[in-house]
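The values are calculated or read from the model by the stated rules, or taken from the named source; none is laboratory data. These numbers come from a predicted model, not from an experiment. Glycine gets a Cβ as well: all are built from the backbone with ideal geometry, and neighbour counts include every protein chain shown.
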């Protein structure tokens, strides 16, 4: 399948890395020659320098026989014009545009046919949605939903005083007293697919599959006391902050935003009249003290600088803020981040890239393609949702009798309104939904590929 990526910025580079690893035929367009040179050295791609919205440049990139164009430059208008031009040159092409400006959201949805968009992505809004969900369940570092929100894979970090510390997985059920499955563990930066004898240790990050209704029970029986957030402090006044504040205010949560740029403060005050907008440097400890950050229920650091976000989050942790969420743009140093007490980590770039990769895979294999896909365990494993259809092999066969590929674990079967955390006697049948986790290097496009 041939794909053109227009824009070699943060999202473009992440997409290039992910899609080139899966063997797609990639062409990269960017106006900057030096940026393209770096990508050409790292990956097996074709690079075209120029304006991606130009017909001449798109022609050089081979748009007329391309299956998909992904426009992720820094300018929304260029992305939209790029998609429109590509569609005019190739009416069969699929197009994805990154559009970040809140002012465009509604009109682009209403005019998506005129813009010839197959899909629109907004990394900042998607990040805000993920953060708002984390605030609703403050005991978890990360949450990924499946089966239309009925099943979740949540991440927990094991502290020294955790009830699960030094406990074997086959004994976890007697402690949590609800139906769950530990599907992956991150230990010392490496993902492990555990068996029943695996012993959880301090510092492990465990990934737990559970029906959504069991999450409250899970937290309660682990002794993790959570309270509904009443006041959230957001450091940084960018687009993620705007979207997040909007969501929190709609839920009756008080919001304070600390922003260094005076003009941006005025804009936010006009757009969010119910929020408290503070003009100041969020890295100033005196300001944080005077604005009552140590007494906040949640601290969210969303400045444009990873190092500043990390420092402010460390300050919040030292002051005992119950929940901390940190935005990180570059996730290359996961091992270092694991050792820091900065709460949940959210990456708009990764969220956006994952959504586009899901679309690409579905486009490649439209019959039996995954319904949903999320990277977990710092990208070392994937959780994938499939529907069982008439072409699926081994229906109605107990799992203990199946020969399933190494590094693949079926973690949930959805049968009607029931969510089954499977054991050896469980089975799937036509019409069911299956969620699996794989830590292997080979990508799984269809459910039948899990069988040896």
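Counting only residues that are in a strand (DSSP E or B) and in contact (Cβ under 8 Å) with a residue 40 or more places away in the chain, which one in segment 85-134 is nearest to residue 67 (Cα to Cα)? In this case the residue turns out to be 94.
Of all residues in segment 307-343, those satisfying the criterion of being in contact with a strand residue (DSSP E or B) (Cβ under 8 Å, 6 or more places away or on another chain), part of a helix (DSSP H, G or I) and under 19 Å from residue 14 (Cβ atoms) are 309, 337.
Being exposed (fewer than 15 other Cβ atoms within 10 Å of the Cβ), within 22 Å of the chain's Cα centre (by Cα) and either outside any helix (DSSP H, G or I) or not assigned by TED's automatic domain parsing to the domain that holds residue 297 (or both) narrows it down to one of 213, 161, 195, so name that one.
Working: 161 fails: within 22 Å of the chain's Cα centre (by Cα); 195 fails: within 22 Å of the chain's Cα centre (by Cα).
Every option except 213 fails the conditions.
For segment 387-406, what are the residues that are closer than 28 Å to residue 213 by Cα and either assigned by TED's automatic domain parsing to the domain that holds residue 149 or touching a strand residue (DSSP E or B) at 6+ places or on another chain (Cβ under 7 Å) (or both)? Steps first, please.
If we filter segment 387-406 for residues that are closer than 28 Å to residue 213 by Cα, which is where we start, we get 387-389, 395-400.
Selection gives 387, 388, 399.
Of the residues making up segment 98-110, those that are closer than 19 Å to residue 85 by Cα and under 18 Å from the mean Cα position of the chain (by Cα) are 98, 99. For segment 40-65, residues that are touching a strand residue (DSSP E or B) at 6+ places or on another chain (Cβ under 9 Å) and in a loop (DSSP other than H, G, I, E, B) total 9.
In a residue-by-residue description of segment 385-399, the property of being modelled with pLDDT of 90 or more and under 30 Å from residue 189 (Cβ atoms) applies to at least one position.
The rows are residues; the columns are (1) modelled with pLDDT of 90 or more; (2) in contact with a strand residue (DSSP E or B) (Cβ under 7 Å, 6 or more places away or on another chain).
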| position | (1), (2) |
| --- | --- |
| 98 | yes, yes |
| 102 | no, no |
| 106 | no, no |
| 111 | no, no |
| 116 | no, yes |
| 126 | yes, no |
| 130 | yes, yes |
| 136 | no, no |
| 149 | no, no |
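For segment 389-438, a tally of residues being farther than 22 Å from residue 180 by Cβ, in contact with a helix residue (DSSP H, G or I) (Cβ under 7 Å, 6 or more places away or on another chain) and surrounded by 15 or more Cβ atoms within 10 Å (Cβ to Cβ) returns 1.
Could you tell me whether segment 77-94 includes any residue that is in contact with a helix residue (DSSP H, G or I) (Cβ under 7 Å, 6 or more places away or on another chain) and closer than 30 Å to residue 234 by Cβ? No, that holds for no residue.
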